[in-house]
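Accompanying notes for the structure given below.
FYI, it's all coordinate maths here, none of it is from the lab. No experiment lies behind these values; they were computed from the predicted model shown. Ideal geometry is used to build each Cβ from the backbone, glycine not excepted, and the neighbour counts take in all protein chains shown.
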Amino acid sequence: MRLLIIFILLLTTNAFAKKKQLDYAGLETDYNNLVYNEKYKNFAKAEKQIAKKSVEALINNKVKRKNREQALYQAKHNIAFARLVAEEQWIKNEIAKEQKKSQQLEVAISKTQAELARHDAELARMMLIAQQEEAQRAYERANQAELLAKNSQNEAELSKQETQAAKAYAQAQAEQAELAKQEAELALEEAQSLRRKLNSIATEKTDKGLMMTLGDFVFDSGKSTIKQEAVDNFSKVVAFINTYPNKKVRIEGHTDSSGSNELNLRLSQQRADAVKALLIKNGIDAKMIEAVGMGEELPIAENVTKAGKAKNRRVEIIILQ
């Protein structure tokens, strides 16, 4: 009977040992599945190292017998935690990739919209030229009708009336075409002036860092929307910031003293935010940009003349030291 009990205990011990060995084998397989998974290869490196140490300690019998069950549980927990961290980091990395693609797409869309705007302006100019030519032809036809009217006294009065009507129409068309031409020239001149102002902006070294100042010509009066011409010609500002890729950028909006403090503070913040949004669309990292509205608190000229107020209405782009 005693021999039978001893035999049963031996069998139980061997079965228990085999179960532990199988648990270790499964643990090692689980760890290898995590480590050699190409999807998680570059993520959760610190957590993987912790899991590796706990697995190796068990496999290499560096854990006391009485602590092995707890160590086995801890090793499984370490592997599961490393897998969760790797999954989280992989998802964040994928989101970052998609955000970058989205920003690049927005920049491409902005460039396409600018090209369409230039195309529309050219089409409008050609239509104006066509109107002028048609007005000239109408005027010439009116002169011919006037000459033909002289051949008959009875027809003369009628022809004269038709001629006068044609001349009046032609004159009106010519005046309308000339007015449209002048408006187009003024718009083109304004766009060219804005382009020259943007291209001539200089940098200034201040206590805060290098600074570029955008005057009130970038915005319409009392508004926070950047003019389309400024959007299309913002390359110098972007190039200025890209010259210092690792530096943080502070955008400060300023106003003159016209209006209430609350209104000026809100307008200056909106203009600073508008410049920030345009920089982000042009590929500048949003995390590197801070936009602040300063209101009317920091004038650079006296708020008693139009020229002084115009100087105070500005947005400063500062590369922080």
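Hey, fewest Cβ within 10 Å first, where do I91, I289 land in order?
In increasing order of surrounding Cβ atoms, one gets I91, I289.
What ranking of T255, T206 emerges when the number of other C-beta atoms within 10 Å of each C-beta is taken as an exposure proxy, fewest first?
T206, T255
Have a look at the range 201-320 and give its Rg and Dmax from the Cα atoms, expressed in angstrom.
In order Rg, Dmax, the Cα atoms of the range 201-320 give 13.6, 40 Å.
What net charge do the residues around E47 carry, taking every other residue with its C-beta under 13 Å from that of E47, with Lys and Arg at +1 and Asp and Glu at -1? Mind showing how you got there, number by number?
Working: positive: K45, K48, K52, K53, R83; negative: E87, E88.
Neighbourhood net charge equals +3.
What FRET efficiency comes out for K66 versus T243 if R0 is 51 angstrom and r is the Cβ-Cβ distance? Round to the nearest 0.05.
Once the sixth-power term is evaluated, E becomes 0.20.
Which of H254, H119 has the fewest other C-beta atoms within 10 Å, and how do the rest follow up to the most?
H119, H254
Which order do the peptides 28-34, 299-305 take when ranked by the mean count of other beta-carbon atoms within 10 Å per residue, highest first?
Answer by packing, highest mean first, reads 28-34, 299-305.
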